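Encoded as C-alpha cells, the structure appears first; notes follow it.
The values are calculated or read from the model by the stated rules, or taken from the named source; none is laboratory data. Only a predicted model underlies this, so the values are computations on that prediction, with no experimental measurement involved. Don't worry about glycine lacking a Cβ; one is built from the backbone with ideal geometry, like all the others, and counts go over all protein chains shown.
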Amino acid sequence: MNDEVLRAKARDLIRAGRLPGHRPERVWGGAGLAGIHCTLCDEAIERGDVVLEVEVHSGEGASYPQLHVQCFSMFETALRDLESAPAVDQFGHENAA
Ligand SMILES: [Zn+2]
C-alpha cells in the first residue's frame, strides 16, 4: 500500500472515530506480538517489529489502535490534512462576504 492510499485511509479512520482526530495524549512504542494487525493498513505487525499504540477516547470508552511506525507517520500527516481543511473554508466565507 503506498503512502497516498494510507494517508487517505487514515483520514477515513479519523472521520469514523477509529483513530483520534487530534494528536493522541498517549503513545506507547514496543515490540510487536504475534497475532496483532495494524489498524491503518490491516497487515500483520510481525513479532519483533516496532509497534506504536495510541490511546483513543470516545463516548464508549478508550480504545488502543496499534500501528506500524510508518503508518503512524501517515496518521500524523492525515491529522495535519484535516486540521488545515476547516481554515480554508473559513477564509472562503470571508472572501464571499
Ligand atoms: Zn500498518
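Assorted remarks:
- Within the stretch 31-45, residues that are free of Cβ contacts under 8 Å to residues at least 60 places away in the same chain and among the aliphatic types (A, V, I, L, M) have Cβ atoms under 8 Å from residues that are near the ligand (Cβ under 7 Å from one of its atoms) and part of a loop (DSSP other than H, G, I, E, B) in these pairs: Ala44/Cys38; Ile45/Cys38, counting only partners at least 6 apart in sequence or on another chain.
- Filtered residue count, the stretch 7-39, keeping only those that are more than 15 Å from Pro65 (Cα to Cα) and modelled with pLDDT of 95 or more: 2
- Within the stretch 1-45, the set of residues being within 11 Å of the ligand (Cβ to nearest atom) and in a loop (DSSP other than H, G, I, E, B) comprises Met1, Gly32, Cys38, Thr39, Leu40, Cys41, Asp42, Glu43.
- Count of the stretch 51-75 residues which are in a strand (DSSP E or B) and surrounded by 14 or more Cβ atoms within 10 Å (Cβ to Cβ): 9
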